[in-house]
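The values are calculated or read from the model by the stated rules, or taken from the named source; none is laboratory data. These numbers come from a predicted model, not from an experiment. Quick reminder, even Gly has a Cβ in these numbers, built from the backbone with ideal geometry, and neighbours come from all protein chains shown. What goes into the accessible areas is simple: the full protein's heavy atoms, side chains included, and nothing from ligands, DNA or RNA. Shrake-Rupley method; radii C 1.70, N 1.55, O 1.52, S 1.80 Å.
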Amino acid sequence: TNLAISQAVAHEGFYYAPDPSSQIACSIGGNIAENSGGVHSLKYGMTTNNVLGCEFVLITGEILRIGGKAPETDGYDVMGIITGSEGLLGVVTEVTVRILKKPETARALMVGFAEIEAAGQCVADIIGAGIIPGGMEMMDKNAIHAAEAFVHAGYPLDVEALLIIELDGPKVEVDELIARVEKIALGCGSTSCQISNSEQERLLFWAGRKAAFPAVGRMSPDYLCMDGTIPRGKLPAVLARIRDLSEKYRLRVANVFHAGDGNLHPLILYDANIPEEMDKAEAFGADILRACVEMGGVLT
């Protein structure tokens, strides 16, 4: 599994950076097939940026060894073709990954906003200020309430949007960046700000976000997860469009996404036992993806 890699090297002070929400269950071979990301992909990259080589079995049974332990290999970037090929080209049976030294300091801020557009603007302003957090995630009110009931992470329940922003590196740098991010958030109209004071508290902040997908299952018998990426600056506009579409289709939506790189995961809540709701959910999802493309984004 993805998490097993970090557990295997933790005693030496290392870890594997890509961390999908499903990291306790997803396999590293599956991560390569899907080019999986995770909450820390903003700063440390996707699977493709963290895999050095692999053993690969073609449909003919031929075994190939691609890449290796060196950060760069000559010739064509065959690893780049395999990563994200979704099993079309063959099966990954062995992997060499890049592991990183754990940062000296890692602290997370939990910032609440009365308006979801203000949270979107805060994301754009943080990146615009040249700050690249280790992770920057956003959840809307539906997702916040579901995750808090599931994990009890201490999320504020009186906000419309919540940003979780992690800053890592040397302590003096992290302290400086926290102060700058707090100032930017206040300028965007933040209504609450909580900063982790221990590793346990930092992990608790993330626990709610990582449990958001299963937690939303408490709110609705079924949900449809969409996946699109937009330019960060368009975040407020896309969120407003999703809200309008929610009213149009009369279906609730819980927004959970990698705000730092503009990767959206709107969860459309419906009941499959009501026949027309499935059709409405699919039409709603299609309109969300059309909105992403219209605003200069892509389907992921």
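Quick rundown of the values:
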quantity	calculated
For region 222-299: relative contact order, % (alpha-carbon pairs under 8 angstrom, 6 or more apart)	45 percent
Accessible area (Å², 1.4 Å probe, nearest 10) - residue 96	40 Å²
Projected label distance in nm at residue 131 and residue 57, using a 7 Å step from Cα toward the beta-carbon	4.8 nm
Heavy-atom accessible surface of region 105-217: percent carbon and sulfur, 1.4 Å	56 percent
Ordering of 199-205, 239-245, 256-262 by packing [mean C-beta count within 10 Å, highest first]	256-262, 239-245, 199-205
Relative contact order (%) - criterion: Cα under 8 Å, at least six apart; region: region 126-182	41 percent
Within the chain, helix-based [θ] at 222 nm, where runs of 4 or more DSSP H residues each add -39,500 (n - 2.57), nearest 500	-11500 deg cm²/dmol
Heavy-atom accessible area per residue - region 2-101, 1.4 Å, Å²	55 Å²
Part-to-part distance (alpha-carbon centres) for region 134-193 and region 221-300, which is given in Å	22 Å
Å² per residue, accessible surface of region 222-299 at 1.4 Å	45 Å²
Spacing of the two label points (7 Å from each Cα toward its C-beta) at residue 298 and residue 243, in nm	2.9 nm
The chain, dipole about Cα centre (Lys/Arg Cβ +1, Asp/Glu Cβ -1), debye to the nearest 20	340 debye
Accessible solvent surface per residue of region 105-217, calculated while the other protein chains remain in place, 1.4 angstrom probe, Å²	38 Å²
Given charges at Cβ of Lys, Arg, Asp, Glu: the chain dipole, positive-most of 61, 296, 233	233
Alpha carbon convex hull of the chain, volume per residue in cubic angstrom	149 Å³
Nearest-10 value in Å² for the accessible area of residue 148, using the 1.4 Å probe	30 Å²
Cα lying deepest toward the dipole's positive end in region 1-123, options 9, 25, 81, charges on Cβ	9
Accessible surface of residue 190 - all protein chains present, 1.4 Å probe, nearest 10 Å²	20 Å²
Potential lengthening between residue 199 and residue 49 on full extension [0.36 nm per residue; Cα-Cα distance subtracted]	51.4 nm
The chain: relative contact order as a whole-number percent, Cα under 8 Å and 6+ apart	17 percent
Members of 101/234; 171/234; 141/248; 69/234; 69/171 lying beyond 28 Å, as alpha-carbon distances in this model show	101/234; 171/234; 69/234; 69/171
